[in-house]
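Following: one structure in structure tokens, then a few remarks.
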Amino acid sequence: MSADLPAPAKLTPADYASAQDVRWCPGCGDYAILAQMKKVLANLGIPKEKLVFISGIGCSSRFPYYLDTYGIHSIHGRAPAVATGLKAVRPDLSVWVITGDGDGLSIGGNHLLHCIRRNLDINIVLFNNRIYGLTKGQYSPTSPLGQVTKSTPMGAIDNPLHILSVAIGCEATFVARTVDVHVQHLSMCLQRAAEHRGTSFVEVYQNCVVFNDGAFEYATDKQLRSEHTLELEHGKPLVFGKNRDKGIRLNGLEPEVVALGNGVTEKDLLVHDEKAPQPSLAYLLSRMHYPDFPEPIGVFRAVDRPKYDELLNAQVAAAMAKQGPGDLEALFSSGDTWVVE
Amino acid sequence: MIHEQQPCASEPDQSLGREELDEATVRFCGDSGDGMQLAGTQLTNTSALVGNDVATFPDFPAEIRAPRGTQAGVSGFQVHFASRRIFTPGDQVDALVAMNPAALVTNLPDLRPGGIVIVDADSFTPRDLQTAGLKTSPLEDGTLASYQVFQVDITRLTRLAVKDLGLGTKDADRCRNFFAMGLVYWLFDRPVEPTLRFVIEKFGRRPDVAESNRRALLAGYHYGETTEAFAHRYAVDRARLPPGKYTHITGNQAMAWGLLAAARLSGCDLFYGTYPITPASDILHELARRKNFGVRTFQAEDEIAAVTAVIGAAFGGAMGVTGTSGPGLSLKGEGIGLAVMTELPMLVIDVQRAGPSTGMPTKTEQADLNQALFGRHGECPLPVLAAAHPADCFDVAREAWRIAVRYMTPVLVLSDAFIANGSEPWRIPKMSELEPIEVRHPGPLSNGQPFQPYRRDERLARPWALPGTPGLMHRLGGLEKQDITGAVSYDGANHQHMVDLRARKVAGIAADIPPQTVEGPKRGRLLILGWGGTYGPIATAVRRLWERGASVAHAHLRYLNPFPANLGEVLRNYDRVLIPELNRGQLRALVRAEYLVDAIGWNKTTGRPFTVGEIVAGAEPWI
């Protein structure tokens, strides 16, 4: 930054808003995510010019237009690849990928897998509404079996993908799940994602008011959610329920729901360990689905692993140190040469 | 390692007939595991080092190791060396080295009548013949009646040469190509020293391998010298190339080096995002080794990721380049649309091969021109340049990047398998001879006004504002943008304006490129108009026709979009325009549409380059 510019004042969430009118449907879960994102960015104090939001196609992918940062609203499914190229050459930037269940897992599934396995130091936020909203209501790769949509009038017959299982299968170093209306939890997850070094993957249960309203009611309804979700806390036993009277116990390799009391104590329960080197526990948690289990929310996994951008730039630095900065004329003459008089 | 040495000629053997030639064409052919590409490359380097002009044509199957001894597995490498300027690897072969029956019968049609055939006689057992699908031995059935045939026990003699090194038969037989090379070096009076140096550099860590190859090479050479089978030796004198220091370069290597030079000249770091595909992968291999030049190579998960990663890198201020071949270009189409829409500078290199689909992936073709120009959705213009010969890739890469940054546009560069794998001498430029490439990025803005990412300069280029710059925050994207402000716009009138503007910007490049030149008469009977890899055969053909006094000229297009401003005028200076292309007439259709010139097509799609003879034959009816 140029020295004669005044020191930047502390930014507020409103400072991160762009001039563009926000055009999601009234009541869309995306508004809450945008609001929490601005709050987190202000909280972290990241200068606006250091931020780049990259998205694909879909309702969620309009996100970058609404932030006064750098951004690319790219093409369907390709945001992780765009982000990879950018981060590879500009490790100084804070790079965010905003995607959805169709964009990220259907047309862009391949890029998502490879981006996560490479562990670039970027943040991926996937808005999961289990439907195609922008194309007006077809089923998505996360729509449950049997879901009736415009393109599945007799019900969806393909088995849904469970996003976090996929991310953990790719050995993501940071995996979290949160819910659009649970704003403090959402904010915590975004902040943890931003602070993590490596690819952070956050799934947000996001309600589509028009085409799939109430898809996550079990996880959002104030009366129901403590029975149907389980807030993960590192080092704490897996307890849930309005009265915190139920927990998850391991039975062989399978989790089971148990009622606390009658000789069952918290000591019998599975204890969350987000730093476990092996992803097995995180995977097991990602397989717990409503209605058989409470669905875990929070940070599933947060471990350290070398980052692609760091390794790439380290190779460049190592090559320069070993061979010296490239000399083109020497390179051109490095094979057999001869002189014509 | 730098070798600057005078060509070292062997002592001439006075007892033999020694024939001076202007040029010679030699082809090594054998199984794809027989080391024929290596043999050809070594003969090429050696010939270049003795001062010949050289052009090569490697020809290999798509299969890495097709079943041994079959016709499907034959790999060849043709070397044309001359004491004058040459532009092609030669139409016909003067000397053919065939390591087995399959190689012999598949390559024999290219040998000129009376030409030399050297065969490994040990590889013509009944079993070898059967594997090659032959009922009789071509050594005995009269197939070779009109050639000078030398049956040499290459396998046996190679094994003998390396006998006391303790190698297994398999390893010993791996040296057969060196024996064959040695024999060819003797026959064409080439020094063995450059190849001996290569052997030590390449195999120095495995002394037994180095020593066996050295012995095989010398055994082949001495065999030629001692045996009385060969009545003649041939010599090809040095060519008179323009003065300077030379090296020997393939098209893909020249492309990679051109990219490195362009990055250096523009002060940008090179980011090469790609997905492996024949015949473009060697660009990746070369660049991946050059990290000390600040190059970041990214082997993406697919072609789409490659092009979109390059868009990300371009947004970040790098020199973003992706390379591919036809099928990959199809996959990149949508991404290139985004690059056109976001008006970011980047390069897309298409090393064309015979298509459609997987087609013949190791064979050449020029059939991606339409795809390069039009293969995208929407009105999506971008500049398209084509390299004409291997060393030209170096210049085209730099020129493409100059246009990309000056006009803020993706630029598509066409090469082809013939250029990419072919090689020729290249006069090494000094970096100070090369024009710098100016790149500008706007500085920080602190007046609180929103930055205008689509405000344009006099060339209609928008600013290349980089993330990290305070005050220039902006959002690019695939949605249509309002001119100047860059706000999302669904306004029809604005879209019309932007479609026209993007077209005008690219068309305007015509004012910034050299006018089309011609070789030969400025007006007359016939103009042969070419583009890309047909340069060599056309340039040679017109010279041949000039010797006959024909009124024929050659114009070769480097710029396919936009065309040079004077092209229409050039075309009208001739009675007829002939357009040879390795496709079904793609440039011809364009020229007819653009200039209403009744151009004649001369087309083939055999996966092989034009021969000079074919171009001459195509021109003859019109002169």
Legend entry - Reciprocal of mean inverse Cα separation for region B:28-81 (Kirkwood radius, Å): 11.4
Legend entry - Peptides B:245-252, B:426-433, B:111-118 ordered by average Cβ neighbours within 10 Å, highest first: B:245-252, B:111-118, B:426-433
Legend entry - Calculated P(r) of region B:17-236 - Cα pairs past 27 Å, %: 26
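Counting DSSP beta bridges in region B:17-236, what percent are antiparallel, to the nearest 5?
On the way: 16 of 35 bridges.
If we restrict to bridges inside region B:17-236, about 45 percent are antiparallel.
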Inset, instruction - Apply the Karplus parameterisation 6.51 cos²θ - 1.76 cosθ + 1.60, with θ equal to phi minus 60°, to every residue of region B:380-397 and state each ³J(HN,Hα) to the nearest whole Hz, in sequence, with x for glycine and proline. - result: 9, x, 8, x, 10, 10, 10, 7, 9, 7, x, 5, 5, 4, 4, 6, 5, 4
Legend entry - Pair B:Lys522, A:Val258: separation of 7 Å Cα→Cβ label points (nm): 9.8
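Across peptide B:465-472, what mean number of C-beta atoms from other chains lies inside 10 Å of a residue's C-beta? Before the final figure, lay out each step's value.
Working: counts 1, 4, 14, 10, 4, 8, 3, 2.
For peptide B:465-472, the averaged partner shielding equals 6.
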Inset, instruction - Please average, across the residues of B:244-252, the number of beta carbons from any other chain that are within 10 Å of each residue's own beta carbon, and give a whole number. - result: 3
Legend entry - Hz values of 3J(HN,Hα) by residue in region A:281-289 - Karplus curve (6.51, -1.76, 1.60), Gly and Pro given as x: 5, 4, 5, 4, 5, 5, 8, 7, 10
Legend entry - Whole-number Å³ per residue for the convex hull built on Cα positions in region B:356-400: 92
Inset, instruction - Taking the dipole about the Cα centre of the protein assembly as shown, with the C-beta of Lys and Arg at +1 and of Asp and Glu at -1, give me whichever of A:Ile131, A:Asn119, B:Leu414 is farthest to the positive side. - result: A:Ile131
Inset, instruction - Can you tell me the 0 to 90 degree angle between the C-alpha axis of helix B:303-315 and the longest principal axis of chain B, rounded to 10? - result: 50
Legend entry - Volume per residue of the C-alpha convex hull in region B:96-177, rounded to whole Å³: 86
Legend entry - Unit charges on C-beta of K, R, D, E only; dipole of the protein assembly as shown, Debye: 1220
Legend entry - Cα-based helix-to-principal-axis angle, B:36-49 vs chain B, degrees rounded to 10: 80
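How many times 2.2 N^0.38 Å is the alpha carbon radius of gyration of region B:250-433? Before the final figure, lay out each step's value.
On the way: Rg = 14.6 Å, N = 184, 2.2 N^0.38 = 16.0 Å.
The reported ratio for this selection is 0.91.
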Inset, instruction - For B:Lys505, list the lysines whose Cα falls under 25 Å from its own Cα; do not include residues on the same chain fewer than 8 positions away. - result: B:Lys332, B:Lys481
Legend entry - Dipole magnitude of region B:490-610 about its Cα centre (Cβ charges: Lys, Arg +1; Asp, Glu -1), debye to nearest 20: 480
Inset, instruction - Assign unit charges at the C-beta atoms only (+1 for Lys and Arg, -1 for Asp and Glu), then state the dipole size of chain B relative to its Cα centre in Debye, rounded to the nearest 20. - result: 1100
Inset, instruction - Beta carbons within 10 angstrom, averaged per residue: use that to sort the peptides B:28-36, B:458-466, B:60-68, B:443-451, highest first. - result: B:28-36, B:458-466, B:60-68, B:443-451
Inset, instruction - Report the dimensions of region B:48-155 along its three principal axes from the alpha-carbon atoms, largest first, rounded to Å. - result: 44, 33, 23
Inset, instruction - Could you state the angle between the C-alpha long axis of helix B:586-595 and the longest principal axis of the C-alpha atoms of chain B, as a value from 0 to 90 degrees rounded to the nearest 10? - result: 40
Legend entry - For region B:332-482, the fraction of alpha-carbon pairs in successive 10 Å shells from zero, as %: 10, 32, 31, 19, 8, 1
Inset, instruction - Tell me the label-point distance for the pair A:Asp92, A:Met154, using the 7 Å Cα-to-Cβ offset, in nm and rounded to one decimal. - result: 6.0
Inset, instruction - Take every residue in peptide A:303-314, count the Cβ atoms of other chains within 10 Å of its Cβ, and give the average of those counts. - result: 1
Legend entry - Extent along principal axes [Cα atoms of region B:270-321; Å; largest to smallest]: 28, 27, 13
Inset, instruction - Starting from the Cα of A:Lys10, draw a straight line to each of the lysines and keep only those under 21 Å, dropping any in the same chain fewer than 8 residues away. - result: A:Lys38, A:Lys39, A:Lys48, A:Lys50
Inset, instruction - Compute the separation of the alpha-carbon centres of region B:330-404 and region B:570-621 and state it in Å as a whole number. - result: 21
Inset, instruction - Calculate the spin-label point distance for A:Gln315 paired with A:Asp21, positioning each point 7 Å from the Cα along the beta-carbon direction, and give it in nanometres. - result: 4.9
Inset, instruction - Report, for chain B, the % of DSSP beta bridges that are antiparallel, rounded to 5. - result: 35
Legend entry - Global geometry of region B:524-622, whether rounded, prolate or oblate, following the gyration tensor of its Cα atoms and the 1.5 cut on a/c: oblate
Inset, instruction - Could you calculate, for chain B, the ratio of the Cα radius of gyration to the Kirkwood radius, expressed as Rg to Rh? - result: 1.02
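By its C-alpha gyration tensor, with a ≥ b ≥ c as the square roots of the eigenvalues, how is chain A shaped: rounded for a/c under 1.5, else prolate for a/b larger than b/c, else oblate? Spell out each step's value before the answer.
Working: a/c = 1.81, a/b = 1.57, b/c = 1.15.
Judged from the Cα gyration tensor, chain A comes out prolate (a/c at least 1.5, a/b above b/c).
Kirkwood Rh and Cα-based Rg: tell me the resulting Rg over Rh for the protein assembly as shown, rounded to two decimals. Could the numbers behind the result be given before it?
Details: Rg = 32.8 Å, Rh = 31.4 Å.
Radius of gyration relative to Kirkwood radius: 1.05.
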Legend entry - Alpha-carbon spread of region A:233-299, three principal axes, descending order, Å: 34, 25, 23
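Please report the antiparallel percentage of DSSP beta bridges with both residues in the protein assembly as shown, rounded to the nearest 5.
Rounded to the nearest five, the antiparallel share is 35 percent.
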Inset, instruction - Could you name the lysines whose alpha carbon sits less than 22 Å from that of A:Lys275, not counting residues in the same chain fewer than 8 places away? - result: A:Lys236, A:Lys267, A:Lys307
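No lab work stands behind these numbers, since they all come straight from the coordinates. Fair warning: this is a prediction, and the values are worked out from it, not measured in the lab. Glycine also receives a Cβ, built like all others from the backbone with ideal geometry; neighbour counts cover every protein chain displayed.
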